[in-house]
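Please treat every number below as a calculation from the coordinates, not as lab data. Only a predicted model underlies this, so the values are computations on that prediction, with no experimental measurement involved. Glycine also receives a Cβ, built like all others from the backbone with ideal geometry; neighbour counts cover every protein chain displayed.
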Amino acid sequence: MAVSAAMRAIVGQCELAAPHTVSVLLRGESGTGKEVLARFIHSCSDRAAAPFIAVNCAALPDALIESELFGHEQGAFTGAVQRHIGRFERASGGTLFLDEVAELPISVQAKLLRALQERIVERVGGREAIGVDVRVISATHRPIEQMLDNGAFRSDLYYRLNVFPIAIPALRERPEDIPELTRRKLTQMCERMGREVPRVSRNALRTLCAAPWPGNVRELENLLERALILNRGDELVLPAPLFAERQPPPAPAASKGVVSLDAALRAAVEAALRASRGKLYGVDGAAALLGVKPSTLQAKMTKLGIDRNTFT
């Protein structure tokens with residue numbers, strides 16, 4: 001994995017951070033291997049024998065994030081038929097990996113800050129303060145600094161998470177790693193498929209090393225798996241083209257007449273909510289798409305009677 005000088009430096013930073021309990025913030029594009037590095041830090045620490053609990057903050061509905069992180073008591077809300085132990089408690093003594101931490105709602109960010117500062121959590125619907133001993137590693141591909149400016153991310157939480165920042169370079173910036181990554185990924189895939197590892201020609205490696213890899217290591221994995229499925233020969237044959245053509249979004253339909261200001265505002269808000277799938281916060285949230293503060297957008301939605309849940 002660490003052939004290039006850039007990645008050797010990253011691994012060195014991970015090894016320096018591992019023995020300590022400081023919070024680590026991994027920054028980098030999607031698909032660069034942030035969770036792999038988080039697991040590496042955990043494995044090099046004195047917490048290696050304890051749990052490593054990973055949670056993708058972007059994959060959880062807003063209504064469930066607090067319960068997933070901190071747990072809930074029986075009867076805390078409709079459907080809470082029994083006590084649920086949250087990820088913080090499950091990770092106690094070990095490491096909690098918060099992937100896409102920038103997607104957390106502001107309300108949950110406040111509870112996360114308290115958990116980091118005081119090392120205690122409270123389950124939803126509970127009154128008991130529960131002590132937790134957790135090392136937090138977080139990751140994001142979002143420009144958090146911009147989110148601080150528009151109020152989408154708490155600055156005090158950012159400084160708590162960003163004690164030891166590690167910036168991971170994109171795959172196109174370290175092509176020296178591609179041959180070794182290719183061999184390792186092919187070996188893993190062929191073991192799962194029960195077949196021999198195909199030979200990789202120099203021409204194929206040159207092609208892989210010259211590709212832009214917008215999806216980074218994840219996209220390299222996808223391409224190699226596709227190549228294995230399409231060809232059963234002794235030599236790896238790369239699919240052509242390497243990448244599916246990305247179609248530009250359709251142009252918006254031209255207006256057919258003058259509409260009222262409220263109607264135009266409603267159309268703009270609904271279009272932004274539809275594009276963001278109901279998400280208000282973040283650089284790809286509806287507020288950012290409209291160029292307004294989330295609080296301003298929520299006020300407009302209340303006035304117009306727009307329910308964002310319709311678009312999730």
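Sorting 70, 77 by the number of Cβ atoms found within 10 Å of their own Cβ, with the fewest placed first, yields 77, 70. Here the average projected area of the convex hull drawn through the C-alpha atoms of segment 122-226 stands at 11.6 nm².
Considering only beta bridges that DSSP places wholly inside the chain, some 15 percent are antiparallel. Give the relative contact order (percent, whole number) for segment 175-230; include only Cα pairs under 8 Å separated by 6+ residues. With pairs under 8 Å counted, the relative contact order is 47 percent. Cross-link reach is defined here as a Cα-Cα straight distance under 18 Å, omitting same-chain residues fewer than 8 places apart; for residue 293 the aspartates and glutamates meeting it are 103, 145, 149, 270, 284, 307.
Taking amide H as placed 1.01 Å from N in the peptide plane, residue 124 has its amide H under 5 Å from the amide H of 71, 72, 73, each at least 5 places away in sequence or on another chain. A simple rule links phi to the HN-Hα coupling: the Karplus curve 6.51 cos²θ - 1.76 cosθ + 1.60 with θ = phi - 60°, which for segment 176-190 gives 4, 7, 5, x, 5, 4, 4, 4, 5, 5, 4, 4, 5, 5, 5 Hz, with x for Gly and Pro. In this structure, the pairs whose alpha-carbon distance is over 28 Å, taken from 34/279; 111/279; 34/185; 34/300, are 34/300. Using only helices, what value at 222 nm comes out for the chain when you add -39,500 (n - 2.57) per DSSP H run of length 4 or more and divide by the total residues, to the nearest 500 deg cm²/dmol? Calculated mean residue ellipticity at 222 nm is -12500 deg cm²/dmol.
Note: relative contact order over the chain, using C-alpha pairs below 8 Å and six or more positions apart, is 19 percent. Karplus-based coupling profile of segment 85-98, in residue order and whole Hz: 8, x, 5, 4, 5, 5, 8, 4, x, x, 10, 10, 9, 9, with θ = phi - 60° in 6.51 cos²θ - 1.76 cosθ + 1.60 and x standing for Gly or Pro.
Tell me, what ³J(HN,Hα) does each residue in segment 212-229 have, in order and in whole Hz, if you take phi through Karplus 6.51 cos²θ - 1.76 cosθ + 1.60 with θ = phi - 60° and put x for Gly and Pro? Rounded to whole hertz, the list is x, 6, x, x, 6, 4, 4, 6, 4, 4, 4, 5, 5, 5, 4, 5, 5, 5. Would you please classify the overall shape of segment 27-100 from the alpha carbon gyration tensor, given that a ≥ b ≥ c denote the square roots of the eigenvalues, rounded means a/c under 1.5, and beyond that prolate means a/b larger than b/c while oblate covers the rest? Note, shape of segment 27-100 comes out oblate. The Cβ shell under 9 Å around residue 122 holds other residues with a net charge of +3, Lys and Arg each +1, Asp and Glu each -1. Each residue, residue 120 and residue 180, gets one label point 7 Å from its Cα in the Cβ direction; the gap between the two is 4.7 nm. Spin-label pair residue 203-residue 296: with each label point 7 Å from Cα along the Cα-Cβ axis, the two points sit 5.7 nm from one another. Add +1 for every Lys or Arg and -1 for every Asp or Glu among the other residues with Cβ under 12 Å from the Cβ of residue 7, and state the total. Neighbourhood net charge equals -2. Legend: ranking of residues 173, 128 from fewest to most surrounding C-beta atoms inside 10 Å; resulting order 128, 173.
Electrostatic bookkeeping for residue 77 treats Lys and Arg as +1 and Asp and Glu as -1; over the other residues with beta carbon under 15 Å from its beta carbon, the sum is -3. For 281, 159, the sequence from fewest to most other C-beta atoms within 10 Å is 159, 281. Under 5 Å between amide hydrogens, built in the peptide plane, is the criterion, and for residue 132 it picks out 120, 121 among residues at least 5 positions away or on other chains. One Cα centroid belongs to segment 162-221, the other to segment 21-88; the line between them spans 27 Å.
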